[in-house]
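Working notes, beginning with the structure itself.
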Amino acid sequence: MKLVSFSKAGGAVRPGALVEDAGLVVDLGSSYPDTLAAIAAGVSNFEKDAAHAGYKLTEVKLLAPLANPPRIFAIGLNYRDHARESGMEVPNFPVVFFKLPPSIIGPGDAIVLPAITKEPDYEAEFAFVVGKGGYRIAAQDAMQHVYGYTIINDVSARDIQFSTSQWSLSKSLPTFCPIGPAIVTADEIADPHALDVKLEIDGEVLQHSNTRELIFKIPELIEYISSITPLLPGDVISTGTPFGVGLGRNPKRWLKPGETVTVTIQGLGQLTNPVVAE
């Protein structure tokens, strides 16, 4: 199932199931108040009946599939080639920081570049969403705690990031966390560690890799993070970005107003966002 949030004619935000082949969104709002509640309940299928109205995709706007996660854990330097291009050592333990939920936007929403940064960067990332929470989860049990998968663009203000040793604020400016278009439930993805990841700006491919290249894979990340803090239903863990970010290029390549960024991950769809100035 592809879990989404949507609104119709600017109305209330509703949880839904995206049925792409039919060009429909099925309204799950009669069963769950929002997608976080659906995730906590572990819903992975639905019955289309009188209680679940269907709308044509052309009638609705898809929003960020999860606008209120308890936390967004982000993993830095989790591809060896990206660590090298960033001029940093390959880590021995996961590098964990946070993106704050007010930075979340959905598919088609604009990434707004504020004047406070002159070095806004892009980062295509494969993310997973926790279903069943837990504390001190063993790696061999970790996949039982994954609800599903989605796409994140970890937009980053590099000049703010490297002015301090703490990264979270540089990653959390308003609109700096595009996410979506859907959360694809775990049963739909046979192997989350064999997915192509690609980022394009105006059709130019700037990042292209595969999740098999992750240094710390999902079981290791769950085991590590949950050894320190209990994971909660709806927590998002964004697994890091591969080689090709603007920071690692010569000359460096920053986001510019007027561009359009598209992240594609195999099986999860496309996340496209225009870039504008504040």
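Please count how many residues of the range 66-80 are among the polar types (S, T, N, Q) and farther than 11 Å from Pro91 by Cα. Explain how you work it out, then say what you get.
Taking the range 66-80 first, the residues among the polar types (S, T, N, Q) are 68, 78.
The next check asks that each one be farther than 11 Å from Pro91 by Cα; those that pass are 68.
Final tally of qualifying residues: 1.
Taking the range 185-212 as the region of interest, how many residues are in contact with a Lys or Arg (Cβ under 7 Å, 6 or more places away or on another chain) and in contact (Cβ under 8 Å) with a residue 12 or more places away in the chain? Spell out the reasoning first.
First pass over the range 185-212, keeping only residues in contact with a Lys or Arg (Cβ under 7 Å, 6 or more places away or on another chain): 193-194, 205, 207-208.
So of that shortlist, the ones also in contact (Cβ under 8 Å) with a residue 12 or more places away in the chain come out as 193-194, 207-208.
Selection size over the range 185-212: 4.
Which condition breaks for Pro33 when tested against (1) more than 29 Å from Asp121 (Cβ to Cβ); (2) touching a strand residue (DSSP E or B) at 6+ places or on another chain (Cβ under 6 Å); (3) surrounded by fewer than 20 Cβ atoms within 10 Å (Cβ to Cβ)?
Condition (2) is where Pro33 drops out.
What number of residues within the range 84-116 satisfy the criterion of being among the charged types (D, E, K, R), within 16 Å of Leu173 (Cβ to Cβ) and not in a strand (DSSP E or B)? I'd like the intermediate steps shown before the answer.
Step one: of the range 84-116, the residues among the charged types (D, E, K, R) are 84-85, 89, 99, 109.
Now drop any that are not within 16 Å of Leu173 (Cβ to Cβ), which leaves 99, 109.
If we keep only those that are not in a strand (DSSP E or B) as well, we get 109.
Summing the residues that are among the charged types (D, E, K, R), within 16 Å of Leu173 (Cβ to Cβ) and not in a strand (DSSP E or B) in the range 84-116 gives 1.
Condition first: of a type in the set (S, T, N, Q), more than 19 Å from Ile151 (Cβ to Cβ) and in the same structural domain as Ile228 (by TED's automatic domain parsing). Can you find one or more residues in the range 79-86 that meet it?
yes
Of the conditions (1) in contact with a Ser or Thr (Cβ under 8 Å, 6 or more places away or on another chain); (2) part of a loop (DSSP other than H, G, I, E, B), Ile183 satisfies every one except a single condition; which number is it?
Unmet condition: (2).
Provide a single number: the residues in the range 123-145 that are within 19 Å of the chain's Cα centre (by Cα) and more than 21 Å from Pro69 (Cβ to Cβ).
Summing the residues that are within 19 Å of the chain's Cα centre (by Cα) and more than 21 Å from Pro69 (Cβ to Cβ) in the range 123-145 gives 0.
Could you check, for the range 240-262, whether at least one of its residues is of a type in the set (S, T, N, Q), under 22 Å from Phe93 (Cβ atoms) and in contact (Cβ under 8 Å) with a residue 12 or more places away in the chain?
Here is the first cut: in the range 240-262, the ones of a type in the set (S, T, N, Q) are 241, 250, 260, 262.
Keeping just the survivors that are under 22 Å from Phe93 (Cβ atoms) gives 241.
Filter once more, keeping what is in contact (Cβ under 8 Å) with a residue 12 or more places away in the chain: 241.
Checked the range 240-262: at least one residue is of a type in the set (S, T, N, Q), under 22 Å from Phe93 (Cβ atoms) and in contact (Cβ under 8 Å) with a residue 12 or more places away in the chain.
Sort out for me the strands (runs of 3 or more DSSP E) sitting completely within the range 1-82 that have 1 or more residues that are under 30 Å from Asn210 (Cα atoms), of a type in the set (A, V, I, L, M, F, W, C) and more than 19 Å from the chain's Cα centre (by Cα). Write out each step before concluding.
Details: elements: 2-8, 14-19, 24-27, 54-56, 60-63, 72-76.
Hits in the range 1-82: 14-19, 24-27.
I'm trying to understand the selection: among the residues of the range 117-153, which are out of contact with any Ser or Thr (no Cβ under 6 Å at 6 or more places or on another chain), buried (at least 17 other Cβ atoms within 10 Å of the Cβ) and part of a loop (DSSP other than H, G, I, E, B)?
Thr117, Glu119, Tyr122, Gly131
Quick one: is Tyr135 farther than 12 Å from Ile265 by Cβ, touching a residue at least 12 places away in the same chain (Cβ under 8 Å) and among the aromatic types (Phe, Trp, Tyr)?
On the way: farther than 12 Å from Ile265 by Cβ: yes; touching a residue at least 12 places away in the same chain (Cβ under 8 Å): yes; among the aromatic types (Phe, Trp, Tyr): yes.
The answer is yes for Tyr135.
Residues that are closer than 23 Å to Gly267 by Cβ and part of a loop (DSSP other than H, G, I, E, B): does the range 220-232 have at least one?
Within the range 220-232, none of the residues are closer than 23 Å to Gly267 by Cβ and part of a loop (DSSP other than H, G, I, E, B).
The values are calculated or read from the model by the stated rules, or taken from the named source; none is laboratory data. Predicted model only: the values in this text are computed from it and were never measured. Please note: Cβ atoms are built from the backbone with ideal geometry, for glycine as well, and neighbour counts cover all protein chains shown.
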